[in-house]
Structures are given as C-alpha cells and as structure tokens.
1. Assigned to a strand (DSSP E or B) and more than 11 Å from the chain's Cα centre (by Cα): is that true of Arg35 in this structure?
2. Sort out which residues of the stretch 12-32 are in contact with a Cys (Cβ under 9 Å, 6 or more places away or on another chain) and under 18 Å from Lys60 (Cβ atoms), and write them in order of number.
3. Take the residues in the stretch 1-53 that are within 19 Å of Ala64 (Cα to Cα) and of a type in the set (Ser, Thr, Tyr); name whichever of them is surrounded by the most Cβ atoms within 10 Å (Cβ to Cβ).
4. Give me the residue from the stretch 1-23 that is out of contact with any strand residue (DSSP E or B) (no Cβ under 6 Å at 6 or more places or on another chain) and assigned to a loop (DSSP other than H, G, I, E, B) and, out of that set, nearest to Gly33 (Cα to Cα).
5. On the given criteria, is Ser42 more than 13 Å from the chain's Cα centre (by Cα) and free of Cβ contacts under 8 Å to residues at least 24 places away in the same chain?
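Bear in mind these aren't lab numbers, they're just calculated from the coordinates by the rules spelled out. On a predicted model such as this, the values are computed, not experimentally measured, just so you know. Every residue, glycine among them, receives a Cβ derived from its backbone with ideal geometry; neighbour counts consider all protein chains shown.
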Amino acid sequence: MIAEQPTRKVLQALKKEGWSKLRGGAGSHSIYGCRSGKHDVSVPDGHRTVSPGVVRTIFKAVAACNCPEEDAK
C-alpha cells in the first residue's frame, strides 16, 4: 500500500527521473512533464504532503514514461 508522502520527496523523485516543471497549474498545483513532453502530471506542490492516490498516479505516470533520451525536446 502506498503511503502519504512529503511533497519535497515526491518532487525530488520526479526531478531524479528527469521530469521538469512545465508551468503552474490551478491553485497550488504545478504541472511536471517528462523529457519528451509526451507525459505530464499535476502535483499539488503547495501542500506539505501528497495523498496516497496522487502519489500512485504520479508513480504510474513516471513508469509509463519510457521515453529514450534522444526523444527529448
């Protein structure tokens, strides 16, 4: 079972996988995208923690992104 995660750790994990902040989203959310731009995910970065469901969604998006380095923009 996936547990609630501190926002800082979730953002560090995204950056470690090569994802970067694309733009600000609605309210306290930001949109992060993979190197190729094919996948993106909304992260509630204005909160202390990220709920288990959102963490699961983010991890699924990272796992789905198997974009090779040469496809990067």
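1. No: the conditions fail for Arg35.
2. Looking only at the stretch 12-32, we keep the residues that are in contact with a Cys (Cβ under 9 Å, 6 or more places away or on another chain), and these are 17-20.
The answer is Glu17, Gly18, Trp19.
3. So, considering only residues that are within 19 Å of Ala64 (Cα to Cα) and of a type in the set (Ser, Thr, Tyr), the one surrounded by the most Cβ atoms within 10 Å (Cβ to Cβ) is Tyr32.
4. Gly18
5. The answer is no for Ser42.
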